[in-house]
Amino acid sequence: MSFDLNARLAARRADHLYRHRPLLDSPQGPQVVVDGQPLLAFCNNDYLGLANHPQVIEAWQNGAARWGVGGGASHLVIGHSTPHHALEEALAEFTGRPRALLFSNGYMANLGAVTALVGQGDTVLEDRLNHASLLDAGLLSGARFNRYLHNDAASLATRLAKACGNTLVVTDGVFSMDGDVADLPALAREAKAKDAWLMVDDAHGFGALGAKGGGVVEHFGLSVAQVPVLMGTLGKAFGTSGAFVAGSEELIESLIQFARPYIYTTSQPPALACATLKSLELLRTEHWRREHLNRLIQQFRRGAEQIGLQLMDSFTPIQPILMGDSARALLLSQRLRGCGVLVTAIRPPTVPAGSARLRVTLSAAHTEAQVQLLLSVLDDCWRELEFDDA
Ligand SMILES: *Cc1c(COP(=O)(O)O)cnc(C)c1O
């Protein structure tokens with residue numbers, strides 16, 4: 001007996017599923033240097049262009065000068081510092097929830113919240129296209145785990161009818177690989193009718209959606225009673241790192257007591273919380289970022305439709321081009337890269353079999369001219385691909 005890792009790796013290669021890590025040799029932004037090549041990139045989640053913002057950098061530097069660099073301990077020991085606390089209060093106020101709790105990242109926030117809320121004898125119901133961290137959290141919880149059809153409240157209702165124990169309904173707010181938005185009012189209604197709790201992971205909506213950047217719950221105007229567990233991340237539109245869960249006083253106190261990924265980890269650097277507070281201030285006061293981003297989204301969709309590309313049902317900065325076949329998706333991505341444009345191909349198992357796609361993401365840091373360039377390069381490369389097929 002041995003681990004035949006080489007055979008597994010070879011099989012992955014043969015299936016066109018082998019992953020490589022592009023080496024980024026510049027800060028995030030539209031213009032990057034990847035593997036030594038200057039490229040125009042449309043694949044990060046820095047939707048508002050804050051990851052390399054001078055004021056956010058300055059807040060981080062000043063934070064480090066004031067608070068040092070390391071969190072030093074877990075929150076429950078002596079790692080919960082004033083900037084962490086101030087950020088939690090600001091996030092609670094911003095989301096209109098009684099309290100918020102800061103986590104090191106979104107993966108841990110999801111693991112922590114789900115496993116603290118449900119266990120053996122309970123039920124967790126998830127959208128089948130939920131982010132991997134939510135699916136992992138559901139499995140780890142030990143609760144009865146079931147997936148309903150994508151964004152389908154009727155499919156959720158049939159599963160709710162069979163649920164036992166405390167029941168948690170869990171969904172992405174904006175689906176990370178599709179860009180569509182969950183029908184939260186309908187999901188919230190079904191959950192409420194069965195005394196289940198709805199948990200929304202708004203990693204991709206928070207900061208980017210809603211007139212004030214409050215994400216999907218602001219977009220739909222949903223209260224803490226309708227969405228008792230709201231999770232958001234800070235590494236996407238906020239441009240920094242970390243995540244939070246917002247909700248009632250009892251929810252947050254329960255997470256502090258029972259969420260193992262909260263308890264057993266070192267707090268994030270306090271200076272990072274200082275940087276995130278600056279991001280929050282910028283996204284609250286400078287609405288032009290979201291307005292510009294929305295114009296770019298419309299520009300891209302119009303142009304892509306003219307080329308004949310298959311887009312998905314999305315009004316968010318995530319604008320995937322559906323390809324189906326993994327090898328074809330990879331080929332188009334490689335040709336774009338040959339023309340100086342970086343868009344990653346997303347393949348199974350990240351997305352369902354037969355639904356490989358190019359995941360285009362737009363950012364307020366892009367200009368209209370850059371989106372136009374993307375469209376014209378897509379036009380050329382797409383024609384070439386069709387010519388090869390014929
Ligand atoms: C990115 C993402 C996460 C994980 O957040 P991190 O802070 O990057 O760990 C969780 N859920 C969704 C939907 C995401 O897109």
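The values are calculated or read from the model by the stated rules, or taken from the named source; none is laboratory data. Bear in mind the structure is a predicted one, so any value in this text is a computation, not a measurement. Neighbour counts run over all protein chains shown; Cβ positions are idealised from the backbone, glycine included. Accessible surface is based on the protein model in full, side chains and every heavy atom, while ligands, DNA and RNA are left aside. Shrake-Rupley method; radii C 1.70, N 1.55, O 1.52, S 1.80 Å.
Only residues that are within 24 Å of the chain's Cα centre (by Cα) and touching a residue at least 40 places away in the same chain (Cβ under 8 Å): list them for segment 322-331, please.
Residues satisfying the conditions are SER326, LEU330.
For segment 145-154, how many residues are surrounded by 20 or more Cβ atoms within 10 Å (Cβ to Cβ) and within 16 Å of the ligand (Cβ to nearest atom)?
1
Right, GLN372: surrounded by fewer than 19 Cβ atoms within 10 Å (Cβ to Cβ), touching a strand residue (DSSP E or B) at 6+ places or on another chain (Cβ under 9 Å), polar (S, T, N, Q) and over 22 Å from ALA211 (Cβ atoms) or not?
Here the answer is no, as GLN372 does not meet what is asked.
Taking helices (runs of 4 or more DSSP H) that fall entirely within segment 208-313, which contain at least 1 residues that are farther than 30 Å from CYS381 by Cβ and small (Gly, Ala, Ser)? So that I can check it myself, show each step before the final result.
Values: elements: 216-220, 249-258, 260-263, 270-285, 288-307.
The qualifying helices (runs of 4 or more DSSP H) are 249-258, 270-285.
Quick one: count up the residues across segment 175-189 that are more than 20 Å from the chain's Cα centre (by Cα) and part of a loop (DSSP other than H, G, I, E, B). Don't jump to the end; show me each part of the working.
Quick first cut of segment 175-189, residues more than 20 Å from the chain's Cα centre (by Cα) only: 185-186, 188-189.
Filter again for part of a loop (DSSP other than H, G, I, E, B), leaving none.
Result for segment 175-189: 0.
Could you figure out which of (1) of a type in the set (Ser, Thr, Tyr); (2) more than 14 Å from LEU101 (Cβ to Cβ); (3) surrounded by fewer than 21 Cβ atoms within 10 Å (Cβ to Cβ) isn't true of SER254?
SER254 satisfies every listed condition except (2).
Okay, residues lined up against (1) under 29 Å from LEU76 (Cα atoms); (2) away from the ligand (no atom under 16 Å from the Cβ); (3) not basic (Lys, Arg):
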{"residue": "LEU125", "(1), (2), (3)": "no, yes, yes"}
{"residue": "ALA137", "(1), (2), (3)": "yes, no, yes"}
{"residue": "LEU140", "(1), (2), (3)": "yes, no, yes"}
{"residue": "ALA143", "(1), (2), (3)": "yes, yes, yes"}
{"residue": "LEU156", "(1), (2), (3)": "no, yes, yes"}
{"residue": "LEU160", "(1), (2), (3)": "no, yes, yes"}
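Any chance segment 262-285 includes a residue that's under 26 Å from VAL118 (Cβ atoms), open to solvent by less than 10 Å² (accessible area, probe 1.4 Å) and among the aliphatic types (A, V, I, L, M)?
no
Considering ALA109, ALA86, ALA90, ALA100, which residue is more than 12 Å from the ligand (Cβ to nearest atom) and under 20 Å from the mean Cα position of the chain (by Cα)? Quick ask: steps written out before the conclusion?
Working: ALA109 fails: more than 12 Å from the ligand (Cβ to nearest atom); ALA86 fails: under 20 Å from the mean Cα position of the chain (by Cα); ALA90 fails: under 20 Å from the mean Cα position of the chain (by Cα).
When all the criteria are applied, what remains is ALA100.
What residue, of LEU168, LEU125, LEU222, is out of contact with any Gly (no Cβ under 9 Å at 6 or more places or on another chain) and touching a residue at least 12 places away in the same chain (Cβ under 8 Å)? Give the steps one after another, and end with the answer.
On the way: LEU168 fails: out of contact with any Gly (no Cβ under 9 Å at 6 or more places or on another chain); LEU125 fails: out of contact with any Gly (no Cβ under 9 Å at 6 or more places or on another chain).
The conditions single out LEU222.
Taking interchain pairs and intrachain pairs at least six residues apart, which have beta carbon atoms under 7 angstrom, with the first residue in segment 196-215 and within 12 Å of the ligand (Cβ to nearest atom) and the second acidic (Asp, Glu)?
Close Cβ pairs (under 7 Å, with a partner that is acidic (Asp, Glu)) amount to ASP201/ASP172; GLY215/ASP202.
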